[in-house]
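The values are calculated or read from the model by the stated rules, or taken from the named source; none is laboratory data. This one's a predicted model, so the numbers in the text were calculated from it and none came from an experiment. Reconstructed Cβ throughout: ideal geometry from the backbone, glycine too, with neighbour counts over all protein chains shown.
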Amino acid sequence: MRRVVILGAGYAGLHAFSAMRSRLRLMLARKEVELIVVSRDPHHTYHGWTGEVLTGDLDVGSTLTPLAPILGESFVQGDVVAADLGGQTLTVRTEAGERQLAYDHLVIAAGSSDPFDRIGGLSEHGWCVKDTRDMQKLVAELENWNGAAPDPRNVVVVGGGLAGVETASALAARFGKNQGGKINVHLVSSSDKLLPTLRPDFNHIADTATRTLADQGVQLHRGAKVTQIMDDHVQLADGRTLSSDMAIVAAGMSFRTLPGTEALPRNAAGQIFADKSLRVSGRNNIWVAGDIAAVPHPVTGEPCPANALWAMKQGDCLGRNVARALKGQSLKRFNFKGLGQAAGLAGQRGITELWRLQFTGRLAWMIRILFFAWYMPSRRRALPILSQLTGHLWAATAGAAFQGKPIEAPAAEVTPVADLSQRLR
Ligand SMILES: Cc1cc2nc3c(=O)[nH]c(=O)nc-3n(C[C@H](O)[C@H](O)[C@H](O)COP(=O)(O)OP(=O)(O)OC[C@H]3O[C@@H](n4cnc5c(N)ncnc54)[C@H](O)[C@@H]3O)c2cc1C
């Protein structure tokens, strides 16, 4: 029996798994092939709802999808701590101890981590939104602020991309001056204009988002780079400092090199080079997709954007190609050319680019939540989210408190994984 091991159950890993499972049904039934997915977390984290979690419209648990029901016996919860590419084996640390996991094909879909190596003081003094445990800590802290009106405070959001804009807008909506709060929200962006990935083609929606933040009272610091986070301030590269009671990093990615994989070809950022079929360049049985992959764009040849949509599409293509390789068929090229980009803004508004058309306001928000719900790994978890969010929209448009009882999403356990919480710092 041949075994395919997928490292990571994020967007890329889950899509690769499901594409393989649907194309290898017969071989799986005959036990000619086995699929294993290893993830350190017991759930998939959907980052698309970060703004809604920060405003308090959704709880953290509702953005998590438990993996066991999706993956069944294919799921191994554990931390991959080393690889032996010659011996085709991974070392996996599980709660029961360390085990060796042999593979015939290896799929690397390990994603990225926050830029702990590039922003000094981030692990000690900063706050992050990528890892579920970090998000839980942040939400708990914000809930404390809700209860006891905090003294005047400065929150610094680092990152002028979609995630940073969404984070700043959500915090301003919840605590900002326009809400009668005492919190100054600052947004620090290394580029001269916010949302550089939307420019110049989609200046209209990028400018709309910039104006919305300014209307919300967010103080924008453009062309500034945070180099160090301290207890009460952040240090900027040009020597200036900003007072900060909480610095949240929603920008930048780092890539950890798994011990034993040093020989794989990487770009300067640390992403592994994939060929057009999503195999690691020069390797027959190692595949890579998602944030950790430098995949050539089918039109420009430049690296594809690193976001959830591209990770899913790469996972789909990779999964189909592994299935083709196992059946002795020729591989297909990754041919996805993009769909759009979106960010949520305060008050059930947003900006959306879809098939190069630009949308703002409520329509943009509705397009965004429909697409995001569609792309959640489980419909069972997506429907309650849609219901809650449309409830908030109804409350906002009716100008009155939403009277209906929100439908609760089935609870997802967020267990701190004992001894597996070895962070990618
Ligand atoms: C705050 C925020 C908001 C975002 N909003 C959007 C958005 O609105 N739209 C969008 O398209 N994108 C968004 N993104 C980007 C998107 O989340 C990423 O591009 C996407 O997660 C990449 O998917 P992936 O499968 O490559 O990695 P991930 O989804 O990060 O999955 C990687 C998986 O690998 C596991 N893993 C890693 N190393 C190991 C190991 N050694 N052992 C075991 N398991 C391991 C991790 O636990 C994780 O499960 C956002 C990101 C953030 C941080």
Residue list for region 140-170, restricted to those being at pLDDT below 95 and in a helix (DSSP H, G or I): A140, E141, L142, E143, N144, W145, N146, G147
So, restricting to strands (runs of 3 or more DSSP E) that lie completely within region 1-113, which ones have at least 3 residues that are farther than 30 Å from E143 by Cβ and over 15 Å from the mean Cα position of the chain (by Cα)? 2-7, 33-39, 79-84, 89-94, 97-102, 105-108
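Looking only at region 241-255, decide whether some residue is more than 30 Å from Q88 (Cα to Cα), away from the ligand (no atom under 16 Å from the Cβ), in a loop (DSSP other than H, G, I, E, B) and not acidic (D, E). It would help to see each step written out before you state the result.
Pass one, region 241-255, residues more than 30 Å from Q88 (Cα to Cα): 241-252.
Now narrow it down to the ones that are away from the ligand (no atom under 16 Å from the Cβ): 241-245.
Still in the list and also in a loop (DSSP other than H, G, I, E, B): 244-245.
Keeping just the survivors that are not acidic (D, E) gives 244.
Yes, region 241-255 contains a residue that is more than 30 Å from Q88 (Cα to Cα), away from the ligand (no atom under 16 Å from the Cβ), in a loop (DSSP other than H, G, I, E, B) and not acidic (D, E).
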Here are some conditions: (1) surrounded by fewer than 18 Cβ atoms within 10 Å (Cβ to Cβ); (2) of a type outside the set (A, V, I, L, M); (3) within 12 Å of the ligand (Cβ to nearest atom). F336 meets all but one. Which one does it not meet? (3)
Across (1) surrounded by fewer than 20 Cβ atoms within 10 Å (Cβ to Cβ); (2) more than 15 Å from I119 (Cα to Cα), A170 clears everything bar (1)
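Just give me the residues in region 221-237 being crowded, with 16+ Cβ neighbours inside 10 Å and not in a loop (DSSP other than H, G, I, E, B), in sequence order. Even if it seems obvious, please write down each step before you answer.
Just the residues of region 221-237 that are crowded, with 16+ Cβ neighbours inside 10 Å, to begin with: 221, 224-226, 228-229, 233-236.
Correct list: H221, V226, Q228, I229, H233, V234, Q235, L236.
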With (1) at pLDDT 95 or above; (2) surrounded by 20 or more Cβ atoms within 10 Å (Cβ to Cβ); (3) more than 16 Å from the ligand (Cβ to nearest atom) as the list, and S191 as the residue in question, which single condition is left unmet? (2)
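Which residues, counting only those in region 114-136, are part of a helix (DSSP H, G or I) and more than 14 Å from the ligand (Cβ to nearest atom)? Don't jump to the end; show me each part of the working.
Within region 114-136, the first condition is being part of a helix (DSSP H, G or I), and the residues that meet it are 122-125, 132-136.
Answer for region 114-136, where residues must be part of a helix (DSSP H, G or I) and more than 14 Å from the ligand (Cβ to nearest atom): S123, E124, H125.
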Failed item in (1) of a type in the set (A, V, I, L, M, F, W, C); (2) in a helix (DSSP H, G or I); (3) within 14 Å of the ligand (Cβ to nearest atom), with A306 passing the rest: (2)
Among the numbered criteria (1) modelled with pLDDT of 95 or more; (2) within 13 Å of the ligand (Cβ to nearest atom); (3) assigned to a loop (DSSP other than H, G, I, E, B), which one does P377 miss? (1)
Where the second residue is at pLDDT 95 or above and not in a loop (DSSP other than H, G, I, E, B) and the first is over 18 Å from A294 (Cα atoms) and lies in region 102-115, which pairs have Cβ atoms under 6 Å and are six or more apart or on separate chains? A102/T89; Y103/R3; Y103/V5; D104/R2; D104/R3; H105/V4; H105/V322
Considering (1) without any contact (Cβ under 8 Å) to a residue 40 or more places away in the chain; (2) of a type in the set (V, I, T); (3) in a loop (DSSP other than H, G, I, E, B), say which one V185 fails and leave the rest. (3)
Looking only at residues in region 70-93 that are touching a residue at least 60 places away in the same chain (Cβ under 8 Å) and closer than 29 Å to P384 by Cα, which one is surrounded by the fewest Cβ atoms within 10 Å (Cβ to Cβ)? I70
What about A96, is it touching a Pro at 6+ places or on another chain (Cβ under 8 Å) and either within 11 Å of the ligand (Cβ to nearest atom) or of a type in the set (A, V, I, L, M) (or both)? no
